[in-house]
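> Before anything else, here's the structure in question.
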Amino acid sequence: MKAGRVAYLGQSGMLANAMIDWAAGRDVGFSHLITVGDSVDVLLPDLIDYVNQFSPAQAILLHLERISDAQHFMTAVRDASRNRLVLAIKSGRTPESDISGMAPTPGIANRDVVFDAAFARAGVVRVDDSDELLDALETLSRMKPLKGGPSGHRFEWVGACHAGHR
């Protein structure tokens, strides 16, 4: 597997294997590729914290099936999204495909709206399917690293403003 600038952290070994196969055919690499399955002893938020603190990765791709500790997860992704781009794909978007094993939440027909709100609050970009995730991986792998602009920031806003004239 080729070294890259994107870390993949997931809960599915099957999706990780598919990403390895896909990436190998396109000369795309990873800084980290880690799956935790059911997280018996290592939790996904701990890995997010590790990558955020110690990795040169420019972006983190997350594959989520379930979140066992919402507060720990939100703290980790909020902190990570301040330093790098964080993208997430969530399995079980429809009530029929929900594999969490949790009872339905009263008043919420589809628990997925909670994930939408949580991702938005944490600054995480949500992708809708594996094709979008792979497109994001390829784009992030091929773009040049951002360097500080004239103001020293990694992001510069350039725009045109048209003020009304009398």
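> Of the numbered conditions (1) without any contact (Cβ under 8 Å) to a residue 24 or more places away in the chain; (2) surrounded by fewer than 16 Cβ atoms within 10 Å (Cβ to Cβ); (3) among the hydroxyl-bearing types (S, T, Y), Y50 satisfies every one except a single condition; which is it?
It fails just one condition, (2).
> Could you check region 65-81 and list, in sequence order, the residues that are closer than 15 Å to A120 by Cβ and surrounded by fewer than 19 Cβ atoms within 10 Å (Cβ to Cβ)?
Answer for region 65-81, where residues must be closer than 15 Å to A120 by Cβ and surrounded by fewer than 19 Cβ atoms within 10 Å (Cβ to Cβ): A70, M74, R78.
> Shifting gears a bit: So which residues in region 24-40 are modelled with pLDDT under 80 and not acidic (D, E), if there are any at all?
If the condition is that a residue be modelled with pLDDT under 80 and not acidic (D, E), then G37, S39, V40 are the ones that fit.
> For the list (1) modelled with pLDDT of 90 or more; (2) within 14 Å of the chain's Cα centre (by Cα), I need the number of the one condition that S91 fails.
Unmet condition: (1).
> Okay, next question. Restricting to region 120-160, and then to whatever is touching a helix residue (DSSP H, G or I) at 6+ places or on another chain (Cβ under 8 Å) and at pLDDT 80 or above, can you tell me which residue is surrounded by the fewest Cβ atoms within 10 Å (Cβ to Cβ)?
Checked region 120-160; the qualifying residue surrounded by the fewest Cβ atoms within 10 Å (Cβ to Cβ) is R121.
> What pairs can you find where one residue is in region 118-135 and within 17 Å of W22 (Cβ to Cβ) and touching a residue at least 60 places away in the same chain (Cβ under 8 Å), the other is of a type in the set (F, W, Y) and surrounded by 12 or more Cβ atoms within 10 Å (Cβ to Cβ), and their Cβ atoms are less than 6 Å apart, with a gap of 6+ or different chains?
L134/W22
The values are calculated or read from the model by the stated rules, or taken from the named source; none is laboratory data. Bear in mind the structure is a predicted one, so any value in this text is a computation, not a measurement. Positions of Cβ are backbone-derived with ideal geometry, glycine not excepted, and every protein chain shown enters the neighbour counts.
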